[in-house]
Amino acid sequence: MSFASKSLALVAASLLSQSAFAGIMYLSDGDGRRMHSVDTVTGKVVNTWAAAPQQRAFPIAVYNDVRTTGYAAGETGGQYSLTGAALGGTYALPSLGLTFSDGTSDGKYNYAISWQNGSVYRFGRDWGNGSLMFNTNRGGGGLTYDAVDNSFWISCDRCSGLSHYSMTGALLGTIATPQVTSMDWDLAMDPLTRTLWISQFGSGTFYQYSTAGAFLGSTSFASLPLANSFRSAEFDLAARAADVPEPGTLALFGIALAGLAMRRRA
């Protein structure tokens, strides 16, 4: 195989690996003891699988894999591949005197929000060693991480509106969401579009917003089973916009194509 052919194959493989899970959102139906993945581009349910172990787990962190932990102390979540295969990891929620409704990750730490008072905790990637970061002093719902400015977006339990917080708890802004008056816990940030997704409680319809507050539309997942109570959600936050091939990578792709074209003409 020529250099150009090898270069083309390597770059193509890189592009495919980066795009394979683009637009895929992962959901934990804690009380239903099951997980889902849905395609926000096509509106289709990609996969549904049983939680392992079969315990109530809501906080979800997706960063190259899916990791959940319990809603209450002692309850245990699991580890899954992005295709839904159980990987064998189990993560019990530490005893912190609180229950947790949703989670997120920046790849170094996992984070979760308390349902009782909206306090945000930082954990290890194994969901251990929880420590308080700040308190929003309102009932917590959804939590997601924004890598662009190293911040959090937070929703409240069965109410309306999104709040933007720094990592130290400073309120950076709010977004009105009149289309969603009773939010579920499933707030999620798509890192490739930097858009926020959340559903109306008790429905299979998700609403999309820009970080500037513009309503971008809704997607209904007709075949998504309704949750037994709530859902939590995340996209793979490892798939950041920064992972899109840089000009040098694209240039290599072009060189490889040009080399193949010259070889064929010869």
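Readers should treat all values here as calculations from the given coordinates under stated rules, not as data from a laboratory. Note that the structure is a prediction, hence the values are computed from the model and not measured. Please note: Cβ atoms are built from the backbone with ideal geometry, for glycine as well, and neighbour counts cover all protein chains shown.
Here are the numbers for this structure:
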| quantity | calculated |
| --- | --- |
| Radius 11 Å from Cβ of HIS164, net charge of other residues (Lys, Arg +1; Asp, Glu -1) | -2 |
| Inter-centroid distance (Cα atoms) of region 193-245 relative to region 30-82, Å | 15 |
| Built amide H within the under 5 Å cut-off of MET133, gap 5+ | VAL120, TYR121, ARG122 |
| Percent of Cα pairs exceeding the 30 Å cut-off, where the set is region 22-238 | 11 |
| Packing-based order for 75-81, 27-33, 99-105, using average beta carbon neighbours within 10 Å, highest first | 99-105, 27-33, 75-81 |
